[in-house]
Amino acid sequence: MSRRPALALVLGDQLTPDLSALRAADRERDRVVMAEVASEATYVAHHPKKIALIFAAMRKFAARLREAGWQVDYTTLDDPENAGSIPGELLRRAEETGARQVIATRPGEWRLIAALEDLPLEVTLHEDDRFIASHATFDRWAKGRKSLRMEHFYREMRRATGLLMEGDAPAGGQWNYDHDNRKPPRDDLFLPEPLRFEPDETVAGALDLVEARFPDNFGALRPFAFATDPEQAEAALAHFLKEALPRFGDYQDAMLAGRRFLYHAVISAYLNIGLLDPLEVCRRAEAEWTAGRAPLNAVEGFVRQILGWREYVRGIYFREGPGYAARNDLGHKRDLPPLYWGAGTRMACLAEAVGQTREEAYAHHIQRLMVTGNFALLAGVDPAQVHEWYLAVYIDAFEWVEAPNTVGMSQFADGGLVASKPYVSSGAYIDRMSDYCGGCSYDVKTRVGEGACPFNLLYWRFLDRHRARFEGNPRMGAMYRTWERMDAGRRRAILEQADAFLARMEADETV
Ligand SMILES: Cc1cc2nc3c(=O)[nH]c(=O)nc-3n(C[C@H](O)[C@H](O)[C@H](O)COP(=O)(O)OP(=O)(O)OC[C@H]3O[C@@H](n4cnc5c(N)ncnc54)[C@H](O)[C@@H]3O)c2cc1C
Ligand code: SF4
């Protein structure tokens, strides 16, 4: 006698045909459950483009599963029967079908894992094996190590996959070509734009729904040009490999006003929801190098982001457990200033990074790390609020990848697990790597006094405030010596002006 049908859950970031939950289910007997639910769409105020991307891609994926012979119970957000949450939808479908069993792929967020484990149904969570390193691989690597630095993990992953390897040695003789990858931008650069996709009928439906239901969320819904199925994502990848990868390395850290994508791939969302496979993307990039179409520094830099950083942060998130996102090692308490939600600011770099985030749901890594992240850290903003902001505003934001980047790398709130020193800089770094400062009402060259760049003031305030914590850090000694060499009056003036700046910001003045 055949057993009752099981419910095979497919979440909005699990849109991969050979997902472990689908592999474990029986196409003839089991039912696939997919649901657009209010609890997922509202637990942070997601950018409208992010909600639209996920709903559109889910709808297309469900249609393909049906074509492939699956029975799919799909609930749209505006369905009057919608139970409003993933557990609620599973219970409703269980009652409808008599199912007792749920087959799922482990979600990428502790919150949802706990919700599934609490269900009064028999739930089996299969590992999400759409990653290059399994949890066991990461844990084996991490076990017994005093520090969990990405670079060491990355080398191990290069060896394990053979990517960019010549026998046992790294291609070209070096593991890492980062020193070639810090070129400042030139304004005569030819900059390719990412491929854009006209909304089809499915995407148009998702856009209308999001427009009606989330009119007040931060971010522009239209124009919407993201890929929403694997063929489009593949076209976006192919376009990047041909047009941008060769210069990805050189200008990886550069920022130019109005040039939002530079030589970046803009594929993180596609990787994160399952439209692209990370190992396949790395191999495709490697093939560009072997064919002589892209230089090694570009390809190594790109592969390191995916094979190294992406896999590493996932390992950290799951190894550290559910409390990770709430860490606050530096005890920062300030509220996130309204300028992050689009209130006016005189700081051109922040206006640019936040403005493009609102328009595109995208900013590249250095904008996230050295502009919005750097400012929040220098200003002493509560990392939980910073975390919530990043989780909300970016098209690619899912907690397993966002939290280690924000809480760990950017805010140093995990006490130095991910970053060996805080990513703080004065305005000089932003000036060197961008053209923002030329159009700013502050003066990046002024360190104290009228018109001084706030990053300059806050940088020293941060170091001074956290002296006990960082003075002994070998990578920060030079900074402390520079601070000590300044005369006491200048140091006092900097700290007073930094405090005055923060007080104006707290009083909701435009800073
Ligand atoms: C504070 C902060 C928050 C971030 N939040 C997210 C997030 O929510 N989701 C997310 O996918 N990335 C996040 N990142 C990492 C990185 O900024 C984005 O992956 C990248 O900007 C995506 O754009 P791209 O596809 O053009 O990337 P490219 O610069 O072209 O890089 C190629 C790919 O490498 C991967 N990658 C690069 N850097 C990282 C990294 N540090 N961690 C993980 N993967 C990486 C991405 O998959 C990316 O698509 C964050 C970084 C910071 C500093
Ligand atoms: S001067 Fe300072 S605030 Fe203005 S753009 Fe440059 S770094 Fe940003």
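Can you confirm whether Val418 is away from ligand 2 (no atom under 13 Å from the Cβ), among the aliphatic types (A, V, I, L, M) and either in a loop (DSSP other than H, G, I, E, B) or modelled with pLDDT under 95 (or both)? Yes: the conditions hold for Val418.
Contact map, the range 318-347: first residue at positive phi, second residue among the basic types (Lys, Arg), Cβ cut-off under 8 Å, separation 6 or more or different chains; pairs are Gly342/Arg358. Hey, can you tell me all the residues within the range 76-110 that are out of contact with any Asp or Glu (no Cβ under 6 Å at 6 or more places or on another chain), among the β-branched types (Val, Ile, Thr) and crowded, with 18+ Cβ neighbours inside 10 Å? Result: Ile86, Val102, Ile103. In a residue-by-residue description of the range 240-257, the property of being outside any loop (DSSP other than H, G, I, E, B) and touching a residue at least 60 places away in the same chain (Cβ under 8 Å) applies to at least one position.
Checking every residue in the range 316-328 against the condition of being more than 22 Å from Asp414 (Cα to Cα), within 16 Å of ligand 1 (Cβ to nearest atom) and either aliphatic (A, V, I, L, M) or touching a Lys or Arg at 6+ places or on another chain (Cβ under 9 Å) (or both) gives zero matches. Among the numbered conditions (1) within 15 Å of ligand 1 (Cβ to nearest atom); (2) within 26 Å of Thr161 (Cβ to Cβ); (3) buried (at least 21 other Cβ atoms within 10 Å of the Cβ), the only one that Pro383 does not meet is (2). A search for C-beta distances below 8 Å between a residue of the range 353-371 that is over 20 Å from Pro223 (Cβ atoms) and within 11 Å of ligand 1 (Cβ to nearest atom) and any residue that is assigned to a helix (DSSP H, G or I) and aromatic (Phe, Trp, Tyr), counting only pairs 6+ apart in sequence or on different chains, returns Arg368/Tyr390; Met370/Tyr429. All of (1) away from ligand 2 (no atom under 16 Å from the Cβ); (2) modelled with pLDDT under 95; (3) not basic (Lys, Arg) hold for Gly439 with one exception: (1). Just one of the numbered conditions (1) within 16 Å of ligand 1 (Cβ to nearest atom); (2) surrounded by fewer than 23 Cβ atoms within 10 Å (Cβ to Cβ) is not true of Arg304: (2).
Test of understanding: among Tyr429, Tyr423, which residue is under 21 Å from Arg461 (Cα atoms) and in a loop (DSSP other than H, G, I, E, B)?
On the way: Tyr429 fails: in a loop (DSSP other than H, G, I, E, B).
The conditions single out Tyr423.
Identify the residue in the range 40-53 that is assigned to a helix (DSSP H, G or I) and modelled with pLDDT of 95 or more and, among all such residues, is nearest to Asn217 (Cα to Cα).
Residues of the range 40-53 assigned to a helix (DSSP H, G or I): 40-42, 48-53.
This time we only want the ones that are modelled with pLDDT of 95 or more, so: 48-53.
Working: Pro48: 7, Lys49: 10, Lys50: 11, Ile51: 10, Ala52: 12, Leu53: 15 Å.
Restricting to residues being assigned to a helix (DSSP H, G or I) and modelled with pLDDT of 95 or more, the top hit is Pro48.
Residues in the range 263-284 that are crowded, with 21+ Cβ neighbours inside 10 Å, away from ligand 1 (no atom under 12 Å from the Cβ) and assigned to a helix (DSSP H, G or I): there are none.
Each residue in the range 423-466 was checked for being within 16 Å of ligand 1 (Cβ to nearest atom), free of Cβ contacts under 8 Å to residues at least 60 places away in the same chain and touching a Leu at 6+ places or on another chain (Cβ under 8 Å), and 2 pass.
Here's the yes/no breakdown for (1) within 20 Å of Glu509 (Cα to Cα); (2) hydrophobic (A, V, I, L, M, F, W, C); (3) within 16 Å of ligand 2 (Cβ to nearest atom):
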| residue | (1), (2), (3) |
| --- | --- |
| Arg334 | yes, no, no |
| Pro337 | yes, no, yes |
| Tyr340 | yes, no, yes |
| His365 | no, no, no |
| Pro383 | no, no, no |
| Met409 | no, yes, no |
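Selection of the range 111-124 for residues being part of a loop (DSSP other than H, G, I, E, B) and surrounded by 13 or more Cβ atoms within 10 Å (Cβ to Cβ) yields Leu119, Leu121.
The values are calculated or read from the model by the stated rules, or taken from the named source; none is laboratory data. Fair warning: this is a prediction, and the values are worked out from it, not measured in the lab. Quick reminder, even Gly has a Cβ in these numbers, built from the backbone with ideal geometry, and neighbours come from all protein chains shown.
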